[in-house]
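Report on one structure; see the data block that follows.
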Amino acid sequence: MKKRLLVPARVRRVPQQFSWVDQRLVRDGHIRRCDAEALALYLFLVTVADAQGLSFYGDGAIARLLAFPPQRLQAARAALTHAGLIAYEAPLYQVLGLEPVSAPDPIPAAIPARSACAPGQLRAMREILHRAGVAP
């Protein structure tokens with residue numbers, strides 16, 4: 001299959017603030033380890049993080065923007081921490097570099113993690129955000 005640009009005038013370029021989602025999230029199977037709410041939080045964090053993956057967004061603002069009650073935000077954060085995708089030390093979040101799934105998780109969970117991931121399920125990002133209540 002030959003690739004071609006569908007909308008050449010809208011070619012995506014790397015922005016100065018760095019906010020690309022690493023393709024290894026899907027390719028290396030990280031996405032299969034998390035539920036829709038955890039992935040919605042991950043997408044939010046990679047969008048607002050700086051080039052080093054750091055974000056100072058507070059839980060109140062994140063919960064409001066994602067329409068999560070506090071316990072859902074806490075569970076999503078715990079799932080991402082447990083999966084080794086983020087580190088959290090209030091009020092600082094760090095989106096971590098993606099390591100192979102088989103690697104041991106060197107980052108301790110700040111909150112006891114519950115397994116909110118559904119192994120073996122891939123979904124479109126639109127469906128994930130819809131199920132998380134952040135997209136129509």
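The values are calculated or read from the model by the stated rules, or taken from the named source; none is laboratory data. None of these values were measured; they are calculated from a predicted model. Neighbour counts run over all protein chains shown; Cβ positions are idealised from the backbone, glycine included.
Checked against the criteria, Arg64 does not count as outside any loop (DSSP other than H, G, I, E, B), modelled with pLDDT of 90 or more and within 15 Å of the chain's Cα centre (by Cα). For region 48-59, the criterion of being under 16 Å from Arg131 (Cβ atoms) and free of Cβ contacts under 8 Å to residues at least 40 places away in the same chain is met by no residue.
I'd like to know if region 37-51 contains one or more residues that are of a type outside the set (Asp, Glu) and at pLDDT below 85. Among the residues of region 37-51, at least one is of a type outside the set (Asp, Glu) and at pLDDT below 85, which makes the answer yes.
Scanning region 33-71 for residues that are under 18 Å from Gln23 (Cβ atoms), in contact with a strand residue (DSSP E or B) (Cβ under 6 Å, 6 or more places away or on another chain) and surrounded by fewer than 21 Cβ atoms within 10 Å (Cβ to Cβ) yields a count of 3.
Check region 72-88 and report whether any residue there is surrounded by fewer than 11 Cβ atoms within 10 Å (Cβ to Cβ) and either more than 17 Å from Asp22 (Cβ to Cβ) or modelled with pLDDT under 95 (or both). Checked against the condition, which is being surrounded by fewer than 11 Cβ atoms within 10 Å (Cβ to Cβ) and either more than 17 Å from Asp22 (Cβ to Cβ) or modelled with pLDDT under 95 (or both), region 72-88 yields no hits at all. Tyr42: among the aromatic types (Phe, Trp, Tyr) and either part of a helix (DSSP H, G or I) or closer than 21 Å to Asp28 by Cβ (or both), yes or no? So Tyr42 fits the description; yes.
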